1. Does region 29-76 hold any residues that are touching an Asp or Glu at 6+ places or on another chain (Cβ under 6 Å), in a helix (DSSP H, G or I) and open to solvent by less than 30 Å² (accessible area, probe 1.4 Å), and which are they?
2. State whether one or more residues within region 130-140 are part of a loop (DSSP other than H, G, I, E, B) and out of contact with any strand residue (DSSP E or B) (no Cβ under 6 Å at 6 or more places or on another chain).
3. Within region 166-190, count every residue that is assigned to a helix (DSSP H, G or I) and open to solvent by 40 Å² or more (accessible area, probe 1.4 Å).
4. Report, ordered by the first and then the second residue, all pairs with beta carbons closer than 6 Å, sequence separation of six or more or different chains, a first member in region 110-130 that is closer than 16 Å to residue 54 by Cβ, and a second member that is among the charged types (D, E, K, R).
5. Sort out which residues of region 161-202 are farther than 22 Å from residue 134 by Cα and of a type in the set (Ser, Thr, Tyr), and write them in order of number.
6. Any idea which of (1) buried (at least 21 other Cβ atoms within 10 Å of the Cβ); (2) modelled with pLDDT under 95 is the one residue 123 doesn't satisfy?
7. Would you check if residue 163 is open to solvent by 20 Å² or more (accessible area, probe 1.4 Å), in contact with a strand residue (DSSP E or B) (Cβ under 9 Å, 6 or more places away or on another chain) and either of a type in the set (A, V, I, L, M) or closer than 14 Å to residue 75 by Cα (or both)?
8. When region 52-71 is examined, which residues are found to be farther than 18 Å from residue 149 by Cβ and within 9 Å of the chain's Cα centre (by Cα)?
Amino acid sequence: MRRQSTRPGIRRVIQIIVVLLVGSCTSSRDSGPLSTTENACVIARERPSWHEATVEAARRWGTPPEVIYAIIWRESSFRADAQTPRVYTLGFIPSGRQSSAYGFSQAIDGTWDWYRRETGNGWADREDFADSVDFVGWYTNRTRRVNRVPGSDAYRQYLAYHEGHAGYARGSWQSKAGLQSAAAQVRDQAARYRAQLARCSV
């Protein structure tokens with residue numbers, strides 16, 4: 001009896017080891033810096049799981065892949081651990097960061113928690129690319145519904161992404177030349193990504 005009871009346990013350990021080994025191979029394929037963040041075809045080739053996740057988010061939420069990519073590009077340059085700059089008291093005493101924005105999507109704590117509650121994705125992690133692009137898709141979908149901004153309108157989508165739905169509706173972005181310039185960069189980058197993806201076979 002004792003010998004029979006240990007076999008399932010050994011089998012389970014072997015299964016876990018196999019899963020970990022497969023996972024490590026996958027993560028090594030999608031690790032290290034991208035050779036460029038300016039070309040969507042290169043991103044898709046070097047990070048196939050990222051591209052698959054972006055396409056899935058686009059399918060789920062109705063925001064084109066190039067717009068999702070462009071927002072990630074502007075927000076974090078595709079860096080998982082991106083954070084806002086530190087704030088210093090008296091010019092030299094560290095006292096936190098400018099905001100809680102973090103990860104690929106630069107989502108702040110409250111909005112990320114809202115996303116996790118509404119989607120039921122309670123284990124979502126801002127350092128996980130698939131979770132981050134799903135967040136961008138979810139948020140831009142809400143912008144489409146709340147602010148009547150098409151998912152393909154990268155310029156206005158980025159304004160709402162930065163200012164929030166209420167801030168966008170109030171027009172808070174109209175007095176922010178720097179933000180308008182950033183939104184124009186997102187629009188132009190989305191156009192480049194769209195043209196690239198149309199040419200490459202991914």
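The values are calculated or read from the model by the stated rules, or taken from the named source; none is laboratory data. Remember, predicted model here, so these are calculated numbers, not experimental data. Quick reminder, even Gly has a Cβ in these numbers, built from the backbone with ideal geometry, and neighbours come from all protein chains shown. Side chains included, ligands, DNA and RNA excluded: accessible areas come from the protein's heavy atoms. Shrake-Rupley method; radii C 1.70, N 1.55, O 1.52, S 1.80 Å.
1. 57
2. no
3. 13
4. Once the first residue is closer than 16 Å to residue 54 by Cβ and sits in region 110-130, its partners that are among the charged types (D, E, K, R) give 124/116; 124/131.
5. Result: 172, 175, 181, 201.
6. (1)
7. no
8. Correct list: 54 only.
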